[in-house]
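Structure first, commentary second.
The values are calculated or read from the model by the stated rules, or taken from the named source; none is laboratory data. Computed from a predicted model, the values in this text were never measured in an experiment. Neighbour counts run over all protein chains shown; Cβ positions are idealised from the backbone, glycine included. The accessibility values were calculated without ligands, DNA or RNA, using every heavy atom of the protein model including side chains. Shrake-Rupley method; radii C 1.70, N 1.55, O 1.52, S 1.80 Å.
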Amino acid sequence: MATLTDMHVATIPLVAPPGVSHLECGQCGAAYGDAEQPWRTSPCCAKPLLARYELAHLRGRFTPAALAGRAPTMWRYAEVLPVRDPAFRLTLGEGMTPLMESERLASDLGLDRLLLKDEGQNPTGSFKARGLAMAVARAWELGLDAVALPSAGNAGSAAAAYAAAAGLAAHVAVPRDTPRPILEEMRALGADVELVDGHIGDAAKSIAKGVEAHGWFDVSTLKEPYRLEGKKTMAYELVEALGRVPDVIIYPTGGGTGLVGMWKAFEEMEELGWIGGERPRMISVQGTGCAPIVRAWDRGDEAAQPWEDPKTYASGLRVPSAIGDFLVLEAIRASGGAAIAVSDDEMREAVRTIGRLTGVFAAPEGGATAAAVPRLLERELLRPDEEVVLFITGSGLKYL
Ligand SMILES: *Cc1c(COP(=O)(O)O)cnc(C)c1O
């Protein structure tokens, strides 16, 4: 098949055949055995399904050392990813983004040691590439021919890119005020783009109609199991690069796939023997104009209430209600982490600080992570001597 598959990964012998052993309901743990058909949410609870692998079988064989020589894309972790046939390992070069220490930004923010993971260098300029590469590849492998999703912007362009690479149709609904560069990008990538009045929740209603009427496969955040599997590779990369887990991860949370995916990856890596029981403290950052997770965390709730009238220029954080909210809150709590909100003005200022001190032009969501640091220190939710990783989830070029 003449397609954009990664020849290095495709030809490197894996230590075991890849593939999911079963899927598990994120709410009640019910298991579903037949992973070789398209799955959406769990039939029991209508909650996210989590992909499970034979990790005990991989332990001692699928090790960081086994990765040497594999191509620098997220497919280097193929043994713990759902795509079975190498011909469907769709790649545009996603993953293996730079992890950079910045002494100047650290000292400006009041920390001893600070690392940036620059996810803006992914195809389509954001870490959405990881999740959508995986979801589209898996949909393609399972024989589907059209994917659809509501998006705040970046997920739409990532879906458009990978659908184009695979030769599938992509239908995307986005808020009318989505940044122009993202709209242009999605159209150039051949997606069918619908502009919707309102926020991503309103876009979701429109996509649900298309899914119902035309049988498109819905790749909405956490409404199919595999975007999470792409996003979890961020944590595998961190551990592969550092040889251990960092003390703290600060992550800008919208739908929560990144945070939940990384949390799942740490569990997997413990079962694989890559790490022990230690975990980074997971800190979630949202905008003050849309902070359902922060509000729920402050109240000690297990799930979040929908946020009325969500407003923030960080479009990836304008998610008023997330189906995986309980998983995000569980990860924050279990890790001894926190959730905190910052304003759009603080994000804007932090984008300039990051830019000036590191050379990375961050998306506002990335700015939010740096903006959170002084506040976390002030509230003693973070100590200056902790090793902190900021996730710069996208490039600032998409928000002009
Ligand atoms: C989507 C998005 C987020 C939020 O990510 P989730 O994993 O859905 O919480 C953060 N930053 C950027 C740039 C995004 O596009």
Identify the single condition in (1) more than 13 Å from the ligand (Cβ to nearest atom); (2) open to solvent by less than 30 Å² (accessible area, probe 1.4 Å) that Asn154 does not satisfy, given that it satisfies every other one. (1)
Within the range 107-121, can you find the residues that are within 26 Å of Pro72 (Cβ to Cβ) and more than 10 Å from the ligand (Cβ to nearest atom)? Arg113, Leu114, Leu115, Leu116, Lys117, Asp118, Gln121
Any idea which residue in the range 187-219 is farthest from Val147 (Cα to Cα), counting only those that are within 15 Å of the ligand (Cβ to nearest atom) and surrounded by 24 or more Cβ atoms within 10 Å (Cβ to Cβ)? Ile200
Result of the Cβ filter at 6 Å on the range 39-52, keeping first residues that are within 18 Å of Glu141 (Cα to Cα) and partners that are modelled with pLDDT under 95 and open to solvent by 40 Å² or more (accessible area, probe 1.4 Å), at least 6 apart or interchain, is Arg40/Lys223
Testing Arg180 on (1) in contact (Cβ under 8 Å) with a residue 12 or more places away in the chain; (2) away from the ligand (no atom under 16 Å from the Cβ), one condition comes back false. Which one is that? (2)
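Okay, residues lined up against (1) of a type in the set (A, V, I, L, M); (2) out of contact with any strand residue (DSSP E or B) (no Cβ under 7 Å at 6 or more places or on another chain):
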site	(1), (2)
Ala341	yes, no
Leu357	yes, yes
Gly367	no, yes
Gly394	no, no
Within the range 368-384, can one find any residue that is over 19 Å from Ala106 (Cβ atoms), within 16 Å of the ligand (Cβ to nearest atom) and in a helix (DSSP H, G or I)? no
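Just to be sure, is Phe127 out of contact with any His (no Cβ under 9 Å at 6 or more places or on another chain), aromatic (Phe, Trp, Tyr) and closer than 23 Å to Ala16 by Cβ? Walk me through how you get there before you give the answer.
Numbers: out of contact with any His (no Cβ under 9 Å at 6 or more places or on another chain): yes; aromatic (Phe, Trp, Tyr): yes; closer than 23 Å to Ala16 by Cβ: no.
Answer is no for this residue.
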State the number of residues belonging to the range 13-35 that are out of contact with any Lys or Arg (no Cβ under 9 Å at 6 or more places or on another chain) and among the hydroxyl-bearing types (Ser, Thr, Tyr). 1
Evaluation of Lys398 against (1) within 15 Å of the ligand (Cβ to nearest atom); (2) open to solvent by less than 10 Å² (accessible area, probe 1.4 Å); (3) in a helix (DSSP H, G or I) (one fails), failing number: (2)
Failed item in (1) assigned to a helix (DSSP H, G or I); (2) in contact (Cβ under 8 Å) with a residue 24 or more places away in the chain; (3) basic (Lys, Arg), with Lys223 passing the rest: (1)
Test Ala31 against the stated conditions and say whether it is at pLDDT 95 or above and over 22 Å from Gly95 (Cα atoms). yes
Condition check: of a type in the set (Asp, Glu) and within 20 Å of Pro320 (Cβ to Cβ). Does Asp218 satisfy that? yes
Can you tell me how many residues in the range 55-112 are among the polar types (S, T, N, Q) and open to solvent by 20 Å² or more (accessible area, probe 1.4 Å)? 2
